[in-house]
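To start, I am sharing the structure in question, which I have written as structure tokens.
Where a number appears in this text, it was derived from the coordinates with a stated rule and is not lab data. Since the structure is predicted, the reported quantities are computational estimates derived from the model, not experimental observations. Counting neighbours? That spans all protein chains shown, and the Cβs are built from the backbone with ideal geometry, glycine included.
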Amino acid sequence: MSDRDMNLRDRLVDVGVGLVATEGLQALSLREIARRAGVSHGAPRRHFPTHLALLSAIARHGFEDLASRAREAVARDLPDADARAQLKVFGRIYLDFARSDRGMYELMFRHDLLESNELGLRETSLPLFAALVDMVTRARSRPGAEPAVVAGALWANLHGIAQLWGWGSLQVAAGVDDVEPLLCAVMDAHLGPQPR
């Protein structure tokens, strides 16, 4: 692939990332991405044979961004802290990402994208999950609990909080205006009470 082709491919993804950030998931049509990239509506097909492939490339960027934010926050704020504290920072970053980058978050977890595994999208998300499993392992979750299962349940809870918070349901049902108490409850539920 020539430099010109790589530049167009990257430009299409960058335009899609910007578009989902400013206008949401519904704005990600091939035509609109091509128009904003300044190319014909057929040009994206040279690099992305299907709309799903282009959406997967954009979602891949989201997974990489979330993983980078989580790594940076843990390294910056808690490089020598215990794994439980690192898990809590990870949880905050995850929930903040879901709130501040709602369109990207929704794109990243679209079932059709993950199911199709276009461009190895699942493999892009797995390192993030592996980091979560590692932190759960080091946090010494409940005796006899398989760390990958605990990490899966923890992730599912974080995802549920993110979804319900985005819809406004948790604020009403739980009577809270901050996710922190919910995050603490999730940590205690999956790792046991905070040692004193």
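If I build a Gaussian network model for the chain, linking alpha-carbon pairs within less than 10 angstrom, which residue out of Pro147, Pro181, Pro44 has the largest mean-square fluctuation?
So, out of Pro147, Pro181, Pro44, the one fluctuating most is Pro181.
Considering only the other residues whose Cβ falls under 13 Å of the Cβ of Gly42, what net charge follows from Lys and Arg at +1 and Asp and Glu at -1?
Residues near Gly42 contribute +4 overall.
In whole percent, what relative contact order does region 1-100 give with Cα contacts below 8 Å and a gap of six or more residues?
Across region 1-100, relative contact order equals 21 percent.
I've got another one for you. Could you tell me the relative contact order of the chain? Use alpha-carbon pairs under 8 Å, at least six residues apart, and round to a whole percent.
Relative contact order comes out at 21 percent.
Please give the contour-minus-distance gain from Ser29 to Ala173: 0.36 nm per residue of separation, less the Cα-Cα distance, rounded to one decimal in nm.
48.3 nm
Counting pairs of Cα atoms in region 1-49, how many percent are more than 15 Å apart? Write out the running numbers ahead of the final one.
Details: 450 of 1176 pairs.
Taking all Cα-Cα pairs of region 1-49, the fraction more than 15 Å apart is 38 percent.
Within the chain, which complete DSSP H helices have Cα atoms spanning at least 20 Å along the helix axis and a mean Kyte-Doolittle hydropathy of 0.0 or higher?
83-100, 121-138, 147-167
Where the only charges are on Cβ atoms (+1 Lys, Arg; -1 Asp, Glu), what is the dipole of region 50-191 about its Cα centre, to the nearest 20 debye?
Computed charge dipole of region 50-191: roughly 200 debye.
Sorted by packing (mean other beta-carbon atoms within 10 Å per residue), highest first, where do 13-22, 122-131 land?
My ranking of the peptides, most packed first, is 13-22, 122-131.
Now a separate question. Among Gly175, Gly152, Gly166, determine the one that fluctuates most according to a GNM of the chain built with springs between C-alpha atoms less than 10 Å apart.
Gly175
Using only alpha carbons, build the gyration tensor for region 29-84 and give me the equivalent ellipsoid semi-axes, biggest first, whole Å.
37, 11, 7
Further, regarding this structure: Set the Förster distance to 30 Å, then compute FRET efficiency between Ala145 and Ala21 from the Cβ-Cβ distance, nearest 0.05.
Result of the calculation: an efficiency of 0.20.
A further question follows. Which of Val186, Val74, Val149 moves most in a GNM of the chain, Cα contacts under 10 Å?
So, out of Val186, Val74, Val149, the one fluctuating most is Val149.
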